[in-house]
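> The structure follows.
Just so you know, all these numbers are worked out from the coordinates, no wet-lab data involved. Quick caveat, the model's predicted, so the values are computed rather than measured. Every residue, glycine as well, gets a Cβ built from its backbone with ideal geometry; the counts of neighbours run over all protein chains shown.
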């Protein structure tokens, strides 16, 4: 996983609450066995008409929004299904970060595991960013080192779990790290009740 | 020793190292075809092995057809996915309940019915409805594919300690009101984000009176309330269900296990971060009207008016929901006609669900123009239902009787509800496009779904005769 320390670029506002992962990546794309190539299907049912043509009013089809780096989302973003395909699609489309008042728990964990920065800010701050993001040229900067978000004249500080921050900054492979705990895992296994093994 | 909750006892029992996050040991890892291929590929790429194939169980459920098994899988991508799981499980020595296995079924039905799911365990699966297994007094939660790979390689997971929430259901459930109504009623009150960051323990008289299958229905939908997991303390009902199942401990090991499991319930003085109380005795059957499971109301009421909501974000979501669902404010729910009825899923695809539904349809006919389908949660549920004559009841009434799988709950196979059509569904999600692009879902209990199939519209099953 590549390290993340700073995300800079333009934004896309998606203010609605409770956007579930079925919307982010609909089920018809989950039979693929690859980890890549989901960007073209991001928010597919919202991005296309029923005959598969692009919906002109959706951001994925708006040339002014191409290259945006930060999605400004609503509360409880990424709720529902555990499909990691949702974070793969967001990242594959080009986003490096999502800012929202809150996230679905599994979505948040999945984000950390692929190096997609999920930043939680209070609802009024996110509302402010939604407003600024209406301008497709407005830029934003997220600094994970100093834990600040800057857009226009606003500076918002954000909290993030120190362990998560460290992992993102270093781009660590969590499995490799855990395998270093092999002795502790083996010791734990030796203590498990007999009926469980 | 300080008083601890059920959750805290299981958590403490599973810490390998670390504090917050802690490295937790996983006792049971359930695997299915859709969220695992990339995990196995990652393992392969790094030259890693599966640490504990003996604590891993795989089956196929999400994208498989529910038509006769002899027809095979038509969709080439789904076939590739199922083949990949067979190869991966073969290679790593993991038990696999494949399409040709009489134990195949939805992963959250198969684990409990074969005795894999046990109290006090940490159970994970690349599926958000893993919360189902919490019904046994286990800590069970859904994970993403990267975490699936992590568990395959290490049998552990790094976890932040979630907060605890108690939901106390006072009184007992009235006649005609089911576990499904209880959990839909709770989510309607707390909202789809109400449980975020929390593990819920369901408690109270109404919960103690539930069977294991009803408890699974409750815990299954914990994730629809945003919770990390849901759990219910193990008791005699739990032990009675488990004893004698293939994977349950036997002989002296059974005695030792029961003794340990009996220590798990929350201590009387233990504290929760949050507590909610719900009067179960005053609950009525519920039905969803919107595009998330929180948009649910008593069947006796009417489609809400967006103007009754003050929060602009909530109001906006109601407007969007009514547009997608093609519903007008003020319409009585019982006047809503349905085109499809789906009986099944990890929420309500077990034998008791089918018994309840069969009782409602016995001697009756599915309404003209309604396409009604029963998809048993597992091949064992299917065989049992056939033995009890339930399959005959459904088929005589005009239901289609299928092979086990997730089917129309998420419509990854051919069981897709067409755009613009309305489905009364015993599943767990009414998200936009969940059952098919443009399809409109109403979540309800098996009894309510069965009654809707016969009547051709939503009904209050308490009025049913």
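> Distance from a point 7 Å along Cα→Cβ of residue B:45 to each backbone N in the range B:75-105: keep the residues under 19 Å and list them by number.
B:81, B:84-85, B:88-89, by backbone N distance to the label point.
> Right, next: Just to check, using Stokes-Einstein with a Kirkwood Rh over alpha carbon pairs, what's the diffusion coefficient of the range B:296-441 at 10 °C and 1.306 mPa s in µm²/s?
For these conditions, the coefficient is 97 µm²/s.
> Oh, and also: Expressed as an acute angle from 0 to 90° and rounded to the nearest 10, what is the orientation of the C-alpha long axis of helix A:105-114 relative to the principal long axis of chain A?
That helix lies at roughly 90 degrees to the long axis.
> Contact order normalised by length for chain A, with contacts defined as Cα pairs under 8 Å and 6 or more residues apart; what percent is it?
Reported relative contact order: 27 percent.
> Sequence gap at least 6, Cα distance under 8 Å: using those rules, report the relative contact order of the range B:313-465 to the nearest whole percent.
Over the range B:313-465, the number comes to 31 percent.
> So how do B:334, B:303, B:109 line up by other beta-carbon neighbours within 10 Å, fewest first?
Sorted ascending by nearby Cβ count, the order is B:334, B:303, B:109.
> Can you list, largest first and rounded to whole Å, the semi-axes you get for the range A:121-197 by taking the square root of 5 times each eigenvalue of its Cα gyration tensor?
Over the Cα atoms of the range A:121-197, the semi-axes work out to 43, 14, 10 Å.
> For the range B:64-138, what is the Kirkwood estimate of the hydrodynamic radius, computed as the reciprocal of the mean inverse distance between distinct Cα atoms, to one decimal in Å?
By the Kirkwood definition, the hydrodynamic radius is 14.0 Å.
> Turning to a different aspect of this structure: Between A:16, A:180, A:147, find the one with the highest GNM mean-square fluctuation for chain A; connect C-alpha pairs within less than 10 Å.
A:180
> I would also like to ask the following. For chain A, what is the calculated [θ] at 222 nm in deg cm²/dmol (nearest 500), taking -39500 (n - 2.57) for each run of four or more DSSP H residues and dividing by its residue count?
-8500 deg cm²/dmol
> When only alpha-carbon atoms are used, what values of Rg and Dmax, in angstrom, describe the range B:221-323?
20.9, 63
> Hey, in the GNM for chain A with a 10 angstrom Cα cutoff, which one of A:68, A:89, A:47 fluctuates hardest?
With Cα springs under 10 Å in chain A, the top fluctuation among A:68, A:89, A:47 is at A:47.
> Using the Kirkwood radius built from alpha carbon pairs, what does the Stokes-Einstein equation give as D for the range B:286-343 at 20 °C and 1.002 mPa s, in µm² per second?
181
> Taking chain B as the region of interest, what is the percent of Cα-Cα pairs per 20 angstrom bin, listed from the shortest bin to the one with the maximum distance?
Binned Cα distances yield the sequence 26, 59, 16, 0.
> At 20 °C and 1.002 mPa s, grab the translational diffusion coefficient of the range B:423-463 from Stokes-Einstein with a Kirkwood Rh over Cα pairs, rounded to a whole number in µm² per second.
Translational D for this selection: 204 µm²/s.
> Take chain A, connect every pair of alpha-carbon atoms lying under 10 Å apart with a spring to form a Gaussian network, then pick out the residue of A:84, A:157, A:181 with the largest mean-square fluctuation.
Maximum fluctuation in the GNM of chain A, among the listed residues, is at A:181.
> Now a separate question. Report the gain in length on full extension from residue B:355 to residue B:3: 0.36 nm times residue separation, minus Cα-Cα distance, nm rounded to one decimal.
Working it through step by step, the gained length comes to 122.7 nm.
> Tell me the Kirkwood radius of the protein assembly as shown: reciprocal of the mean inverse pair distance over distinct alpha-carbon atoms, in Å.
25.0
> Can I ask one more? In nm², what is the average projected area of the convex hull enclosing the Cα atoms of the range B:157-288?
Quarter of the Cα hull surface area: 9.4 nm².
> Take the Cα atoms of the range A:1-119, build their convex hull, and give its volume per residue in Å³.
Residue-normalised Cα hull volume stands at 101 Å³.
> Hey, could you grab the Kirkwood Rh for the range B:64-220? Inverse mean 1/r over distinct alpha carbon pairs, Å, one decimal.
Over the range B:64-220, the inverse of the mean reciprocal pair distance is 17.9 Å.
> Could you state the angle between the C-alpha long axis of helix A:123-132 and the longest principal axis of the C-alpha atoms of chain A, as a value from 0 to 90 degrees rounded to the nearest 10?
Once rounded, one gets 40 degrees.
> Can you tell me how much longer the chain between residue B:309 and residue B:100 gets when fully stretched, taken as 0.36 nm per residue apart minus their C-alpha distance, in nm with one decimal?
Here the answer is 70.1 nm.
> Can I ask one more? Tell me, what is a quarter of the convex hull surface for the C-alpha atoms of the range B:313-387, in nm² with one decimal?
Mean orientational projected area (the range B:313-387, Cα hull): 7.1 nm².
> Using 1/(1 + (r/R0)^6) with R0 = 45 angstrom and r between the beta carbons of residue A:62 and residue B:368, what's the FRET efficiency to the nearest 0.05?
It comes out at approximately 0.45.
> Please tell me the relative contact order of the range B:128-209 in percent, rounded to the nearest whole number, where contacts are Cα pairs under 8 Å and at least six residues apart.
That works out to 32 percent.
> Roughly what would the spin-label model give for residue B:387 and residue B:421, points 7 Å off Cα along C-beta, in nm?
Spacing of the two 7 Å Cα→Cβ label points: 3.4 nm.
> Using a cut-off of under 16 Å, list every residue of the range A:119-155 whose amide N is near the label point 7 Å from the Cα of residue A:170 along the Cα-to-beta-carbon line.
The answer is A:145, whose backbone nitrogens lie closer than 16 Å to the label point.
> Hey, another quick one. What does the average come to when, for each residue of peptide B:147-158, you count the partner chain Cβ atoms lying within 10 Å of its Cβ?
Taking all residues of B:147-158 together, the mean is 5.
> While we're here: Run the helix sum for chain B: -39,500 (n - 2.57) per DSSP H stretch of 4+ residues, divided by residue count, reported at 222 nm to the nearest 500 deg cm²/dmol.
For chain B, the value works out to -9500 deg cm²/dmol.
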